[in-house]
Amino acid sequence: MGVTAALHCAEAGREVVLLEADRVVEGVTGKTTAKVTAQHGLIYADLLENHGRDAAQKYAEANSAAIEEVARRVEERDIDCDFQRLPAYTYAADADQRRAVEREASVAEGLGLPASYVEDPPFPGGSPGAVKFDEQAQFHPRKYLLDLVEAIPDEEAESDVFEQTKVTGIEDASGGSGGTAGSRDESLCRVETERGTVTAENVLVATHFPIEDPSFYFARQFPKRSYVLAVRLAEEPPEGMFYRDAEPYFSVRPHPTDDGTLTLVGGQNHKTGQGGSTEARYRRLVEQARDHFDVESVEYRWSTQDFVSADDVPFVGKLGPKTESVYVGTGFGGWGMTNGTAAGRMLAEFAQGKSPRWADAFDPQRIDPGAAGTDLVTENVNVGKEFTKDWAKTLLGGVDPDVAPGEGEVIRRDGKPLAVSRDDEGDIHVTSAVCTHMGCLVHWNDGEQSWDCPCHGSRFSIDGEVLDGPAVEDLPGRR
Ligand SMILES: Cc1cc2nc3c(=O)[nH]c(=O)nc-3n(C[C@H](O)[C@H](O)[C@H](O)COP(=O)(O)OP(=O)(O)OC[C@H]3O[C@@H](n4cnc5c(N)ncnc54)[C@H](O)[C@@H]3O)c2cc1C
Ligand code: FES
């Protein structure tokens with residue numbers, strides 16, 4: 001989202017500084033399955049019911065416009081990013097879901113989307129039916145965004161991109177709650193980085209989970225981790241992009257390469273830190289792929305996570321209720337190629353003092369964490385349970401485990417919970433097991449060799465370095 005937002009600002013003649021902690025497009029966007037579609041499972045019937053026609057219409061328009069923005073940029077800049085128009089299908093998981101799929105097709109069509117109900121989708125065989133969206137798309141997100149990044153630096157406008165520049169704090173222009181208040185030129189925001197301070201009229205926070213959290217985003221969205229395989233089939237992949245809206249979801253799309261077409265298979269989602277063995281998740285995904293296809297080989301595998309808001313609509317707008325000049329986009333719900341593109345455009349419009357036409361549907365303040373709906377209450381009860389269960393278990397346990405290579409365990413030493421793991425070379429790594437966000441205990445992720453927090457989804461490397469927020473501070477090392 002950040003690259004799109006920065007480019008919109010640059011195109012509007014603003015002086016832009018894009019700050020990236022690591023390398024650009026190596027975050028979640030570099031690991032997505034990159035369907036560029038306004039079809040987000042069976043969302044429109046829910047939006048109509050829970051948010052009303054106006055919000056559902058705005059969601060549909062924002063995401064449809066995002067597809068066309070990507071298509072326009074690909075054409076205008078002649079970007080070689082495997083952009084391809086394809087239909088998207090959400091198929092019924094079973095006969096019981098058929099009515100929901102039919103309803104989705106009817107609601108989506110009523111909102112002006114290119115939707116229809118099809119009895120016999122190309123995948124999977126024997127499906128009870130699917131909702132089809134015509135003229136959707138897929139692309140290679142890194143190839144696309146790395147091209148857009150090139151368009152941001154501009155000597156005359158003094159715009160530039162700074163990689164390896166981690167932001168450590170944001171102070172709002174008014175001294176309001178974009179971050180911490182302070183005494184200084186109050187007409188500008190201050191962005192503290194590890195390499196110095198940037199002052200700006202506006203700050204657009206595009207860090208996936210916002211690195212400043214005056215609105216309790218941690219309690220208003222939850223982290224959904226899922227898995228992707230790139231498999232080579234002994235048959236032609238089905239024509240189109242496919243999705244089963246269930247727990248877990250299942251996703252299929254073709255992926256052209258110089259060495260023939262691979263098929264991306266995704267799913268096995270769970271709340272971060274609560275899914276058990278991630279190796280087992282990969283195994284189950286391979287089994288699912290083999291159930292549907294004649295799989296010759298699994299060429300690549302990876303996993304990543306996205307935040308799902310309590311009411312399924314992203315948060316795009318002012319960072320906090322008292323924030324003046326700091327804006328955020330987060331909670332894309334697993335559909336950030338279009339939601340993130342739309343959010344990038346909206347944030348750039350906010351920064352120019354405009355009111356984006358879809359803004360009220362995405363207003364971050366629409367959910368009050370104190371008076372939340374059922375989903376949100378359930379999420380936070382779940383967090384409380386994880387917190388209590390893990391602390392109780394660890395205080396009862398306590399001896400040094402004989403950790404095998406590739407494994408990790410939380411133990412108690414001198415009353416303190418420690419995260420102990422052994423890498424593939426046999427070296428032991430020890431850090432605190434207490435998540436620096438709000439004190440839950442981390443869980444070992446055997447697939448990615450990381451420590452994942454079951455409460456709000458922070459992830460840490462084997463040595464405790466933050467991989468994913470909301471945590472911003474590393475786990476302290478302990479020996
Ligand atoms: C398995 C999986 C498959 C998916 N498939 C699809 C799909 O097919 N279609 C779709 O539409 N969506 C899909 N999504 C969702 C989509 O990938 C995400 O919504 C989107 O990539 C999120 O983009 P982002 O810009 O918010 O985050 P990111 O791409 O993670 O960008 C955030 C950037 O901020 C940087 N950053 C973080 N902290 C700091 C800091 N302190 N200072 C400076 N920089 C910082 C990070 O390094 C990173 O580069 C999928 C998600 C998953 C998990
Ligand atoms: S992510 Fe919130 S306590 Fe760990």
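The values are calculated or read from the model by the stated rules, or taken from the named source; none is laboratory data. Nothing here was measured: the structure is a model prediction, and the numbers come from that model. Ideal geometry is used to build each Cβ from the backbone, glycine not excepted, and the neighbour counts take in all protein chains shown. Surface accessibility is based on the protein's heavy atoms, side chains included, excluding ligands, DNA and RNA. Shrake-Rupley method; radii C 1.70, N 1.55, O 1.52, S 1.80 Å.
I'd like the residue in region 11-53 that is more than 14 Å from ligand 1 (Cβ to nearest atom), open to solvent by less than 30 Å² (accessible area, probe 1.4 Å) and in contact (Cβ under 8 Å) with a residue 60 or more places away in the chain and, out of all such residues, is farthest from Lys224 (Cα to Cα).
The residue in question is Val16.
Conditions tested, residue by residue: (1) surrounded by fewer than 19 Cβ atoms within 10 Å (Cβ to Cβ); (2) among the polar types (S, T, N, Q); (3) out of contact with any Ser or Thr (no Cβ under 6 Å at 6 or more places or on another chain); (4) within 28 Å of Arg23 (Cα to Cα).
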{"position": "Val420", "(1), (2), (3), (4)": "no, no, yes, no"}
{"position": "Gly426", "(1), (2), (3), (4)": "yes, no, yes, no"}
{"position": "Ser432", "(1), (2), (3), (4)": "no, yes, yes, yes"}
{"position": "Gly439", "(1), (2), (3), (4)": "yes, no, yes, no"}
{"position": "Asn445", "(1), (2), (3), (4)": "no, yes, no, yes"}
{"position": "Gln449", "(1), (2), (3), (4)": "yes, yes, yes, yes"}
{"position": "Gly464", "(1), (2), (3), (4)": "no, no, no, yes"}
{"position": "Glu473", "(1), (2), (3), (4)": "yes, no, no, yes"}
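For every residue, the table says whether it meets (1) modelled with pLDDT under 95; (2) of a type outside the set (Asp, Glu); (3) surrounded by fewer than 18 Cβ atoms within 10 Å (Cβ to Cβ); (4) within 22 Å of Ala137 (Cα to Cα).
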position: Ala219; (1), (2), (3), (4): yes, yes, no, no
position: Leu229; (1), (2), (3), (4): no, yes, no, yes
position: Tyr249; (1), (2), (3), (4): no, yes, no, yes
position: Arg253; (1), (2), (3), (4): no, yes, no, yes
position: Val265; (1), (2), (3), (4): no, yes, no, yes
position: Arg283; (1), (2), (3), (4): no, yes, yes, no
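Take Val308 and tell me if it is closer than 30 Å to Arg283 by Cα, at pLDDT 85 or above, surrounded by fewer than 23 Cβ atoms within 10 Å (Cβ to Cβ) and in contact with a Ser or Thr (Cβ under 7 Å, 6 or more places away or on another chain).
Details: closer than 30 Å to Arg283 by Cα: yes; at pLDDT 85 or above: yes; surrounded by fewer than 23 Cβ atoms within 10 Å (Cβ to Cβ): yes; in contact with a Ser or Thr (Cβ under 7 Å, 6 or more places away or on another chain): no.
In short, no.
Please identify the pairs in which a residue from region 431-442 that is assigned to a loop (DSSP other than H, G, I, E, B) and hydroxyl-bearing (Ser, Thr, Tyr) has its Cβ atom under 6 Å from the Cβ atom of a residue that is near ligand 2 (Cβ under 9 Å from one of its atoms) and modelled with pLDDT under 95, counting only partners at least 6 apart or on another chain.
Thr436/Ala471
Would you mind telling me which numbered condition in (1) of a type in the set (D, E, K, R); (2) surrounded by 20 or more Cβ atoms within 10 Å (Cβ to Cβ); (3) more than 16 Å from ligand 2 (Cβ to nearest atom) Asp185 fails?
The one condition Asp185 does not meet is (2).
Looking at (1) open to solvent by 50 Å² or more (accessible area, probe 1.4 Å); (2) touching a residue at least 12 places away in the same chain (Cβ under 8 Å); (3) touching a strand residue (DSSP E or B) at 6+ places or on another chain (Cβ under 6 Å), find the lone condition where Glu109 falls short.
Only one criterion is unmet by Glu109, namely (2).
Please specify each residue of region 50-95 satisfying the condition of being among the acidic types (Asp, Glu), farther than 21 Å from Gly334 by Cα and assigned to a helix (DSSP H, G or I).
Across region 50-95, the qualifying residues are Asp54, Glu75, Glu76.
For region 221-247, name all the residues that are within 27 Å of Gln449 (Cβ to Cβ) and away from ligand 1 (no atom under 11 Å from the Cβ).
The answer is Gln221, Phe222, Ala230, Val231, Arg232, Glu247.
Does any residue of region 285-295 turn out to be of a type in the set (Phe, Trp, Tyr) and open to solvent by less than 10 Å² (accessible area, probe 1.4 Å)?
no
Of the residues in region 408-418, how many are under 35 Å from the mean Cα position of the chain (by Cα) and either modelled with pLDDT under 90 or open to solvent by 80 Å² or more (accessible area, probe 1.4 Å) (or both)?
3
What number of residues within region 7-36 are in a helix (DSSP H, G or I) and farther than 29 Å from Glu448 by Cβ?
Number of matching residues: 5.
Taking the condition assigned to a helix (DSSP H, G or I) and crowded, with 18+ Cβ neighbours inside 10 Å, does Leu145 pass?
When the stated conditions are applied, Leu145 passes them.
Does Phe350 count as modelled with pLDDT under 95 and either open to solvent by 10 Å² or more (accessible area, probe 1.4 Å) or in a loop (DSSP other than H, G, I, E, B) (or both)?
In short, no.
Of all residues in region 20-35, how many are under 17 Å from Asp147 (Cα atoms) and of a type outside the set (Lys, Arg)?
The total comes to 8.
Do we have any residue at all in region 325-345 that's open to solvent by 40 Å² or more (accessible area, probe 1.4 Å) and more than 30 Å from Asp94 (Cα to Cα)?
yes
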